[in-house]
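Notes to accompany the following structure.
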Amino acid sequence: MIRPTQKKRLGLAIIGAGRVGLFRGGVAARHPMVDWIGIAEIKPERGKQVGEVIAADYVTADYKELLARPEVNAVIVATDEHLHVGPIMAAVERGLPLLIEKPLATDLNESVRVMNAIQKSGVDAVVGYTQRFRRRWLAAKEKVANGSLGDVTMVTSRAFMNRLVAIDNYRRTDKPETISPMVISGTHALDIVMWMMEAKRPVEVYARSVDKVLGPEWKGIDATAGLITFEDGSLYHLNISWALPVSWPGAVYSLEVGINGTEGVLTIDDTHRDIVLAVSKPTSEGYAPDKQRLVDFLGSYPPGDMALGELRGPMREETVSWLDRVSLGVPTQAATAAEAHDRLMLTKALDLSAKLKRPIHLPLDAADVARAA
């Protein structure tokens, strides 16, 4: 057992009061070391609503105003993906520990700037790759780490999503070229696999994409398939489609992973086909419920499930783990800023390879992306 190394009472700033801000705020409101919670939300009515639900002590539309409060000594950044940089940099300037929703930024240059600022300041920052807190991935990580499979030589992953998540993302942006299934959603499967293979260095990616469903109306990408080659010759084959019909039963994410090693193999079914709900009237599963959906794979909503008035599952575990880390000094398996930047770099490289229809050597930098624009 790892004993706490400190005891620090927390004044928590939550920047962004959307779904994730509400989920994490509800968990934080029940944590014994959290004494004060403030919310910054650019939509006043939403901020007020979430503030009432979690009994926040302070609500504002200005994150700078919130971060200036003397009570604040820890920060959760839960804004839309393209709005992360400002709040992160402001918190880093104050030296406040951070839990940041992925990604650090949607632009590679900005991601480098944020990562460098975090590392230079010494701020304790982690990034919300929530799937690391599912028990099945923890069990898989342990088997890979303890050598049960020998040397990992090849990994495959397949992620399926109905198109509601994609359409929701495209509706919220005026720059569809910055959004792709790899950058927004494929990064979760990518992080899990790269976490399993953390001792290996990727040197090349090769990918192809299709856009027959989301392209005509949204100028978006349906699906991407790719191959990552590592320095030692190991391979990672991955694909993601977020253009499946709205009626696809996975409320959000259905994932299958196979890990091959010199001494064994491990397969993980994270498709959630073990709990199937079929109803006569639409329910509210997933990010963007739709009246066409009458069948659901329960448990495929990445944050977890609401049950008996509370969030249960990986996002709860992740939030508690981070709060314990900041208040008690205990370790967590959450992703670092450097790992988060690496995942963005890899997804950008896969998208670039698909666009140029050629292999891309790693590491990718922002100049490579700019030259190909």
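Assorted remarks:
- Scanning the stretch 235-270 for residues being open to solvent by 10 Å² or more (accessible area, probe 1.4 Å), in a strand (DSSP E or B) and charged (D, E, K, R) gives a total of 2.
- Of all residue pairs spaced 6 or more apart or on separate chains, those with beta-carbon atoms under 7 Å, a first member in the stretch 1-28 that is touching a residue at least 12 places away in the same chain (Cβ under 8 Å) and assigned to a loop (DSSP other than H, G, I, E, B) and a second member that is of a type in the set (Asp, Glu) and exposed (fewer than 14 other Cβ atoms within 10 Å of the Cβ) are Arg9/Asp35.
- Reported count of residues in the stretch 29-61, each being over 24 Å from Met89 (Cα atoms) and in a loop (DSSP other than H, G, I, E, B), is 6.
- Any pair with Cβ under 6 angstrom, 6 or more apart, that starts in the stretch 177-197 at a residue that is polar (S, T, N, Q) and ends at one that is crowded, with 21+ Cβ neighbours inside 10 Å: Thr178/Thr106; Ser180/Ile221; Ser180/Asp351; Ser185/Trp242; Thr187/Arg343; Thr187/Thr347
- Once the stretch 307-335 is narrowed to residues that are acidic (Asp, Glu) and at pLDDT 90 or above, the residue that is least open to solvent (accessible area, probe 1.4 Å) is Glu318.
- When the residues of the stretch 279-306 are filtered to those that are modelled with pLDDT under 85 and among the small types (Gly, Ala, Ser), the one that is most open to solvent (accessible area, probe 1.4 Å) is Ser284.
- The residues in the stretch 212-234 that are open to solvent by less than 30 Å² (accessible area, probe 1.4 Å), part of a strand (DSSP E or B) and among the aliphatic types (A, V, I, L, M) can be counted, and the count is 2.
- Every residue from the stretch 349-373 that is open to solvent by 40 Å² or more (accessible area, probe 1.4 Å) and either closer than 30 Å to Thr5 by Cα or touching a helix residue (DSSP H, G or I) at 6+ places or on another chain (Cβ under 8 Å) (or both): Lys355, Leu356, Pro359, Pro363, Asp365, Asp368, Val369
- Extreme residue, farthest from Val330 (Cα to Cα), among residues of the stretch 7-21 that are surrounded by fewer than 23 Cβ atoms within 10 Å (Cβ to Cβ) and either touching a helix residue (DSSP H, G or I) at 6+ places or on another chain (Cβ under 6 Å) or of a type in the set (Gly, Ala, Ser) (or both): Gly18
- Count of the stretch 95-109 residues which are assigned to a loop (DSSP other than H, G, I, E, B) and acidic (Asp, Glu): 1
- First in the stretch 107-125 and on the phi > 0 side of the Ramachandran plot, second anywhere and open to solvent by less than 60 Å² (accessible area, probe 1.4 Å) and not β-branched (Val, Ile, Thr), Cβ under 9 Å, 6 or more apart: Gly122/Gly95
- No other residue among Lys64, Lys120 is farther than 24 Å from Leu328 by Cα and either at pLDDT 95 or above or not in a helix (DSSP H, G or I) (or both) apart from Lys64.
- Positions within the stretch 66-80 being open to solvent by 20 Å² or more (accessible area, probe 1.4 Å) and in contact with a strand residue (DSSP E or B) (Cβ under 7 Å, 6 or more places away or on another chain), in sequence order: Arg69, Glu71, Asn73, Thr79
The values are calculated or read from the model by the stated rules, or taken from the named source; none is laboratory data. What you see is a predicted model; the values in this text were computed from it and never measured. Cβ: placed from backbone, ideal geometry, glycine included. Neighbour counts: every protein chain shown. SASA here: full protein model, heavy atoms, side chains in, ligands and nucleic acids out. Shrake-Rupley method; radii C 1.70, N 1.55, O 1.52, S 1.80 Å.
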